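Student: Would you mind keeping the following structure in view while I ask a few things?
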Amino acid sequence: MSKILYKEQLSENVYLMRLEAPLIAEERKAGQFIILQIDEDFGERIPLTIADANAEEGSITIIFQVVGLTTEELSLMNVGDAIPVLVGPLGTPTHIKNYGNVVCVGGGIGVAPLHPIAEALKAAGNNVTIIIGARNKELIILEDEMKKIADEFIICTDDGSYGRKALVTEPLKELCERDPKPDMVIAIGPPIMMKFCSETTRPYKVFTQVSLNTIMVDGTGMCGGCRVNVGGEVKFVCVDGPEFDGHLVDFDNMMQRLNAFKDIEEEKHHCHIDKLVELKEKEL
Amino acid sequence: MTYVPPEVIEEKVLEIYEDIKGRYAELKNKDKLKIPTVEMPAQDPHVRAHNLEEVAIGYTLEEAIVEANRCLQCPTQPCIDGCPVRIDIPAFIEKIALNEIQQSVDIIKEASLLPAICGRVCPQESQCQATCIVGKAKKDVDKAVAIGRLERFAADWERERGAIKVPEVKPETGKKVAIVGSGPAGLVVAADVRREGHDVTIFEAFHKLGGVMRYGIPEFRLPNDIVDIEISTLKKMGIKFQMNYVVGRTRKLTDLMAKDGFDAVFLGTGAGLPIFMGIEGENLVGVFSANEYLTRANLMRAFDREHADTPIYKSKVVAVLGGGNVAMDSARMALRLGAEKVYVIYRRTEVEMPARKEEVLHAKEEGIEFHFLQNAKRILGDEKGRVVGMECLRYELGEPDASGRRRPVVIEGSEFTIDLDTVIVAIGNGSNPLISQTVPELKVNKWGNIVVNEKQKSSVDKIYAGGDIVLGAATVILAMGEGRKAAASINELLAENVETEKEAEINS
Ligand SMILES: Cc1cc2nc3c(=O)[nH]c(=O)nc-3n(C[C@H](O)[C@H](O)[C@H](O)COP(=O)(O)OP(=O)(O)OC[C@H]3O[C@@H](n4cnc5c(N)ncnc54)[C@H](O)[C@@H]3O)c2cc1C
Ligand code: SF4
Ligand code: FES
């Protein structure tokens, strides 16, 4: 059981929450995630990256976008409410060292998991360039926090409503063409963005890491539901990852697997909305 | 064998019951051998294929008494030798024959802590019933005394009366024991160690307790209520439970001892690493490990499509690869989730199948199709990456291998394709490396199983292990047996500690 200590809406569909979780706060490292359930009996288990932690307060921060049933219900919960199931920290922490010049690319909500990693890379002595991108200005999150870490900072939006009107791959390509080129790139965001970031850096042979957010059930390596093909080998994202060499990941298969339950989820979502409407009507 | 409705079984049994009632002492072996086996009453196959309720209904009192009268009370007691935890089988059966059910339960519980569970899931036909003289005399193991059904009857009788006794706990010793994993191995260690007055905490990664008994074995074979009641007894003994706690991640094993002051640890983390075939198409949408499929259905309750948030694949035609209990459970679950056709595809023949015989029989009655001497070669997908078919190969049995089983050999050029939309891989489980990776001193063998000595102690002091993490995917009863041994060793270790502490106190 974990109490919600703080809640803030970052953009239309994006929320930040601080949750009481003293053990996780103490153990977690950059790159790790938690799994939560909002109903002990009938809830589904969803993975969320730990965006930040405060060991003294015994809390962790999660940032999530409303994309399905659970994130929607989570967004309706308030300070003081308790999340019945919270387990972590899961996954292998990011390998942090001094690479030299690193580029951190965050797309949309992907900026949240990127934040602790960028912070750790900076602390390890790297020269950190940060690119963040979103569809429009409203969807940019953690701008100030990221700016603080960055030696060089680039913002892009798809519609040009803020920063450069470009996809993140554009400045990424330019950075790869510079001399010296980056020693390492880490890209976190929607699968399609990570795929194209990997494709962008491939010709320049710049080591590129991506953080995969597959479907998960247990999160401890027991079910294989999170498996991906990396360099021809089957890997479990929840234990071997979530970070992998982007040049080796089979993104197409991963994206297909992400859609495995789309039809069922949509059906459920409709029922769910009907139920919410019904409840509201009763209230009135 | 064809399905016999419960009323028919009961009617037949009542006749015999009237005949033998009160005559237990008089019955000679030849009379006993004339009593036919009392079949297990079960739900109608057509009905049960669409519900999650328990398939086997269990004996009535009269049925149990009649079956118990079939036991010859052999002085050599070969059935006991066949039982991994050496239950005094003839003794508990005699009590049932005499309608002294509570005494019968007490005898079973001296050796086995979870009889309602073991009576349901043990592979009796290869353990106690394999060695039973009645089965031998009739040259048919199916005609052996139904020891498992009787065990279940006695345990259910006690539970249904709310008569489960909470074992006595000795005065607190102040010693702390951590148990990792709440499967049968962990639960048994917890009970046995707590009885000695030690402070026991069970750490479990999931939000529900019971290990495979909860997330793997389905409700229709082992109802959750039964597991819950066993666990509530442990709670009444003062055992503490920490759910949502992954040892090795939430906290390091070494920290549990160094920082949290646990004096000993038992690892009962099970065999939770699904093995895949390594064939083409295995990552397509619609291919699941049995662990994933069953966890969604059981633990996450996806069977209850209306209430559960966790989705489960909508399948029409399903192939399950494998021949063990896990394969049977997956196949029968798929059927209950609405599949129109379910195939079990197994490389060898029916005789080599490791599944419990009763499960195979039940699966057949429910309409599962068995394809022996076949195996998958590759799984075929469409442009969206979804499963549409599977290419298979035929096999024949060759020379026996190291295990004595005849090795299946591929028939070259025998490829054929079947249309389907779902493949469930149930070919076994390896051991989860999560803990051993975080404690490098912990010795494991080449399969990743923790190496222990005859006292279940690992290569690291104060750390014990047992169950599937030591044996590889095995059985509930073997996990319990190892748990019992480990608990005895832990109790011995802690008793020594208490002694030396007392001495130190006196000397100071
Ligand atoms: C589908 C299926 C059907 C089966 N049918 C039968 C049958 O009919 N008869 C039979 O005898 N056997 C059967 N078995 C096998 C039997 O269930 C196992 O042998 C038995 O449960 C092993 O017990 P265990 O205590 O060693 O581990 P498990 O029951 O596997 O329990 C291990 C527990 O440890 C937890 N855990 C793991 N790692 C950690 C960690 N790091 N921190 C905290 N917790 C952790 C897991 O979540 C799990 O709850 C079946 C198995 C399956 C999968
Ligand atoms: S071997 Fe069979 S008949 Fe003999 S005592 Fe055991 S259960 Fe009874
Ligand atoms: S989520 Fe089950 S193995 Fe990764």
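Student: Probe of 1.4 angstrom, ligands and nucleic acids ignored: what's the accessible area per residue over region A:101-211, in square angstrom? Spell out each step's value before the answer.
Tutor: Values: 4630 Å² over 111 residues.
On a per-residue basis, region A:101-211 sits at 42 Å².
Student: Given DSSP loops and a limit of at most 13 other Cβ atoms within 10 Å, what is the longest stretch of chain A that contains no such trypsin sites (Lys or Arg not before Pro)? Mind showing how you got there, number by number?
Tutor: On the way: sites that count: A:97, A:135, A:178, A:205.
The longest uninterrupted stretch comes out as A:1-96.
Student: In square nanometres and to one decimal, what's the mean projected area of the convex hull around the Cα atoms of the protein assembly as shown?
Tutor: Details: hull surface 160.6 nm².
Orientation-averaged projected area of the Cα hull: 40.2 nm².
Student: Based on alpha-carbon centroids, what's the gap between region B:407-473 and region B:191-227 in Å, whole number please?
Tutor: Using only Cα atoms, the two centres lie 21 Å from each other.
Student: Which whole-number value in Å² is the accessible area per residue of region B:6-160, probe 1.4 Å? Don't skip to the end; give the middle numbers.
Tutor: On the way: 6670 Å² over 155 residues.
It amounts to 43 Å² per residue over region B:6-160.
Student: Work out the charge dipole of the protein assembly as shown with +1 on the Cβ of Lys and Arg and -1 on the Cβ of Asp and Glu about the Cα centre, then indicate which of B:448, B:397, B:324 is farthest towards its positive end.
Tutor: Farthest towards the positive end: B:397.
Student: Give me a comma-separated list of calculated 3J(HN,Hα) values for region B:234-245, in order, Karplus coefficients 6.51, -1.76, 1.60 applied at θ = phi - 60°, integers in Hz, x for any Gly or Pro.
Tutor: Rounded to whole hertz, the list is 5, 5, 5, 6, x, 6, 9, 10, 10, 8, 6, 9.
Student: Can you show me the helix-derived [θ] at 222 nm for chain B, built from DSSP H runs with n ≥ 4 at -39,500 (n - 2.57) apiece and divided by the number of residues, rounded to the nearest 500. Could the numbers behind the result be given before it?
Tutor: Details: 20 runs with 187 residues, N = 508.
When only DSSP H runs of four or more count, the value is -10500 deg cm²/dmol.
Student: Give me the compactness ratio for region B:267-354, meaning the Cα radius of gyration over 2.2 N^0.38 Å.
Tutor: Numbers: Rg = 13.7 Å, N = 88, 2.2 N^0.38 = 12.1 Å.
Compared with the compact-globule rule of thumb, region B:267-354 sits at 1.14.
Student: Give the residue list of trypsin sites (Lys or Arg not before Pro) in region B:229-277 that are DSSP loop and have at most 13 other beta-carbon atoms within 10 angstrom. Don't skip to the end; give the middle numbers.
Tutor: Working: sites: B:235, B:236, B:240, B:249, B:251, B:252, B:259; in loops: B:249, B:252, B:259.
Counting only loop positions with at most 13 other Cβ atoms within 10 Å, the trypsin sites (Lys or Arg not before Pro) in region B:229-277 are B:259.
Student: Can you give me the pair-distance distribution of region B:6-160, C-alpha pairs, 5 Å bins, whole percents?
Tutor: In whole percents, the pair-distance histogram is 2, 10, 20, 23, 22, 15, 7, 2, 0, 0.
Student: Which residues of region A:7-26 show a drop of at least 10 Å² in accessible area when all protein chains are present, compared with their chain alone (probe radius 1.4 Å, heavy atoms only, ligands and nucleic acids excluded)?
Tutor: Flagged in region A:7-26: A:23, A:26.
Student: Let me ask something else. Putting +1 on Lys and Arg Cβ atoms and -1 on Asp and Glu Cβ atoms, find which of B:131, B:271, B:163 reaches farthest to the positive end of the dipole of chain B.
Tutor: Farthest towards the positive pole: B:271.
Student: Taking the dipole about the Cα centre of region A:2-90, with the C-beta of Lys and Arg at +1 and of Asp and Glu at -1, give me whichever of A:42, A:89, A:14 is farthest to the positive side.
Tutor: A:89
Student: Of all the stretches in chain B, which is the longest one without any exposed loop site, taking chymotrypsin sites (Phe, Trp or Tyr not before Pro) in a DSSP loop (any state but H, G, I, E, B) with at most 16 other Cβ atoms within 10 Å? Write out the running numbers ahead of the final one.
Tutor: Working: sites that count: B:3, B:24, B:276, B:447.
It runs B:25-275.
Student: For region B:104-139, which trypsin sites (Lys or Arg not before Pro) are in a loop by DSSP, counting at most 16 other Cβ atoms within 10 Å? Don't skip to the answer; put the middle values down first.
Tutor: On the way: sites: B:109, B:120, B:136, B:138, B:139; in loops: B:138, B:139.
Loop-located and lightly packed - B:138, B:139.
Student: Considering only the other residues whose Cβ falls under 9 Å of the Cβ of residue B:92, what net charge follows from Lys and Arg at +1 and Asp and Glu at -1? All intermediate terms of the calculation are to be shown ahead of the outcome.
Tutor: Numbers: positive: B:95; negative: B:88, B:94, B:106, B:151.
Computed value for this residue: -3.
Student: If I histogram all Cα-Cα distances within region B:276-427 using bins 10 Å wide from 0, what percent of pairs lands in each bin?
Tutor: Going from the shortest bin to the longest, the percentages are 12, 40, 36, 11, 2, 0.
Student: Further question on the same structure: Using a 1.4 Å probe on protein heavy atoms, which residues of region B:222-252 have at least 50 Å² less accessible area in the complex than alone?
Tutor: Going by heavy-atom accessible area, the residues of region B:222-252 that drop by at least 50 Å² are B:244, B:249, B:250, B:251.
Student: Hey, any idea what % of region B:372-459's accessible area is carbon plus sulfur with a 1.4 Å probe? All intermediate terms of the calculation are to be shown ahead of the outcome.
Tutor: Numbers: 2390 of 4760 Å².
Here it works out to 50 percent.
Student: Looking only at chain B, where both bridge partners belong to it, what percent of the DSSP beta bridges are antiparallel (to the nearest 5)?
Tutor: Values: 20 of 54 bridges.
If we restrict to bridges inside chain B, about 35 percent are antiparallel.
Student: Using modelled backbone amide H atoms (1.01 Å from N, in-plane), which distant-in-sequence or interchain residues come within less than 5 Å of residue A:225's amide H?
Tutor: Residues meeting the amide H criterion: A:217.
Student: How are the alpha carbon pair distances in region A:101-211 distributed across 5 Å bins from zero to the largest one, expressed in percent?
Tutor: Once binned at 5 Å, the Cα pair distances of region A:101-211 give 2, 14, 27, 27, 21, 8, 1.
Student: How big is region A:159-244 on each of its three principal axes, counting only the C-alpha atoms and giving the largest first in Å?
Tutor: Taking max minus min along each principal axis of the Cα atoms, region A:159-244 gives 43, 31, 16 Å.
Student: Keeping all protein chains in position, work out how much accessible area residue B:310 exposes to a 1.4 Å probe, and write it in Å² to the nearest 10.
Tutor: Per-residue accessible area (residue B:310): approximately 10 Å².
Student: First select every other residue whose beta carbon is under 10 angstrom from the beta carbon of residue A:153; then total the charges, Lys and Arg +1, Asp and Glu -1.
Tutor: -1
Student: May I ask you to give the percent of accessible area on region A:4-113 that is carbon plus sulfur, with a probe radius of 1.4 Å? Before the final figure, lay out the partial values.
Tutor: Working: 1780 of 3930 Å².
C and S atoms contribute 45 percent here.
Student: So, one more: Suppose we compare each residue of region A:216-234 in its chain alone and in the full protein complex with a 1.4 Å probe; which ones drop by at least 40 Å² of accessible area?
Tutor: Residues shielded by partner chains are A:217, A:220, A:222, A:223, A:227.
Student: Taking the Cα atoms of region A:2-90, report the difference between the largest and smallest coordinate on each principal axis, in whole Å and largest first.
Tutor: 30, 30, 25
Student: How big is the B/A interface in buried accessible area, both sides summed, 1.4 Å probe, to the nearest 100 Å²? Please report the intermediate quantities before stating the final value.
Tutor: On the way: alone 22940 and 14260 Å², together 33250 Å².
Chains B and A together bury roughly 3900 Å² of accessible area.
Student: Continuing with this model, one more query. Among the trypsin sites (Lys or Arg not before Pro) in region B:332-436, which ones are in a DSSP loop with at most 11 other Cβ atoms within 10 Å of the Cβ? Mind listing them? Walk me through the numbers before you get to the answer.
Tutor: Numbers: sites: B:332, B:336, B:341, B:347, B:348, B:356, B:357, B:364, B:377, B:378, B:384, B:386, B:394, B:405, B:406; in loops: B:347, B:348, B:356, B:384, B:405.
Hits after loop and neighbour filter: B:384.
Student: Let me test this: with uniform point scatterers at the alpha carbons of chain B, what is the Debye-based log₁₀ I(q)/I(0) at q = 0.10 1/Å?
Tutor: Relative scattering, expressed as log10 I(q)/I(0), comes to -0.85.
Student: Give the Cα extents of chain A along the principal axes, in whole Å, largest first.
Tutor: Answer, in whole Å and largest first: 64, 40, 39 Å.
Student: What does the net charge come to around residue B:128 if you take all other residues with beta carbon closer than 11 Å to its beta carbon, with K and R at +1 and D and E at -1?
Tutor: Result for the local shell: -2.
Student: How many nm is it between the label spots at residue B:254 and residue B:316, if each spot is 7 Å from the Cα in line with the beta carbon?
Tutor: 5.6
Student: Run the dipole for chain A about the Cα centre, Lys and Arg Cβ at +1, Asp and Glu Cβ at -1, nothing else charged, and hand back the magnitude in debye, nearest 20.
Tutor: Values: 28 positive and 45 negative charges, 173 e Å.
Roughly 840 debye for chain A.
Student: Give me a single rounded figure for A:258-265: the average over its residues of other chain Cβ atoms within 10 Å of their Cβ. It would help to have the intermediate numbers written out before the result.
Tutor: Working: counts 1, 4, 9, 7, 2, 2, 7, 2.
Partner-chain Cβ atoms within 10 Å, mean over residues of A:258-265: 4.
Student: Using the Karplus curve 6.51 cos²θ - 1.76 cosθ + 1.60 with θ = phi - 60°, work out ³J(HN,Hα) for each residue of region A:137-150 in order, rounded to whole Hz, and write x for Gly and Pro.
Tutor: Once θ is set to phi - 60°, the couplings for region A:137-150 become 4, 4, 8, 6, 10, 6, 4, 5, 4, 6, 4, 4, 7, 6 Hz.
The values are calculated or read from the model by the stated rules, or taken from the named source; none is laboratory data. Note that this is a predicted model, so its numbers are computed, not measured. Every residue, glycine among them, receives a Cβ derived from its backbone with ideal geometry; neighbour counts consider all protein chains shown. Areas reflect the complete protein model, heavy atoms only, side chains present, ligands, DNA and RNA absent. Shrake-Rupley method; radii C 1.70, N 1.55, O 1.52, S 1.80 Å.
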